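The values are calculated or read from the model by the stated rules, or taken from the named source; none is laboratory data. In this text the structure is predicted, and so the values were computed from the model without any measurement. As a convention, Cβ positions derive from the backbone with ideal geometry for all residues, glycine included, and neighbour counts pool all protein chains shown.
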């Protein structure tokens, strides 16, 4: 007797996926190799500790001791900035534990590197500056407002107006570059 065939199952989904959903597992795996159970600590470092501290150091590793009673966060900085960070270790620990949601970090250890000369020491701790915005063009604003004028819902109108303004600005920038 032959057994009935099972219908083939598809292993893919239809439609679009957010980039964060596609890259999440790879980012989590890379973070876990360095001991980061919460990848938000790596991706949102300036927001967690503040721009001034993030400009001086970056997290390198989280090592767990025996019995898992508190971890050690290792920060990388240049030699000249280490004394300033040494005074702020307790504040950094509190902010990082707030990110974790519990007292995960027991100690903060600061590792110094040379600003130049070594391959890993040549890393800049400065974050990418924000893109400069061009001043708004009144003609583009008027065109975007006129396009969404018939819409009665205020929130939808403002969202579509902002979208239209951005699209028109980008297309005018591309025409200016050609």
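In segment 63-89, what count of residues is obtained for those that are under 15 Å from residue 105 (Cβ atoms), assigned to a strand (DSSP E or B) and in contact with a helix residue (DSSP H, G or I) (Cβ under 8 Å, 6 or more places away or on another chain)? First the steps, then the outcome.
Here is the first cut: in segment 63-89, the residues under 15 Å from residue 105 (Cβ atoms) are 63-65, 68-75, 85, 88-89.
Of the ones still in play, those that are also assigned to a strand (DSSP E or B) are 63-64, 71-75.
With the extra rule that they be in contact with a helix residue (DSSP H, G or I) (Cβ under 8 Å, 6 or more places away or on another chain), the set shrinks to 73, 75.
Within segment 63-89, residues that are under 15 Å from residue 105 (Cβ atoms), assigned to a strand (DSSP E or B) and in contact with a helix residue (DSSP H, G or I) (Cβ under 8 Å, 6 or more places away or on another chain) number 2.
Quick one: residue 127 ticks every box in (1) out of contact with any strand residue (DSSP E or B) (no Cβ under 7 Å at 6 or more places or on another chain); (2) at pLDDT 85 or above bar one, so which box is it?
(2)
For segment 39-62: of the residues being touching a residue at least 60 places away in the same chain (Cβ under 8 Å) and assigned to a strand (DSSP E or B), which is surrounded by the fewest Cβ atoms within 10 Å (Cβ to Cβ)? Walk me through how you get there before you give the answer.
Step one: of segment 39-62, the residues touching a residue at least 60 places away in the same chain (Cβ under 8 Å) are 46, 51, 54-58.
Subsequent filtering for residues that are assigned to a strand (DSSP E or B) retains 57-58.
Values: 57: 25, 58: 17.
Of everything passing the filter in segment 39-62, 58 is surrounded by the fewest Cβ atoms within 10 Å (Cβ to Cβ).
For segment 91-113, enumerate the residues that are farther than 15 Å from residue 58 by Cα, touching a strand residue (DSSP E or B) at 6+ places or on another chain (Cβ under 8 Å) and at pLDDT 85 or above.
97, 105, 106, 107
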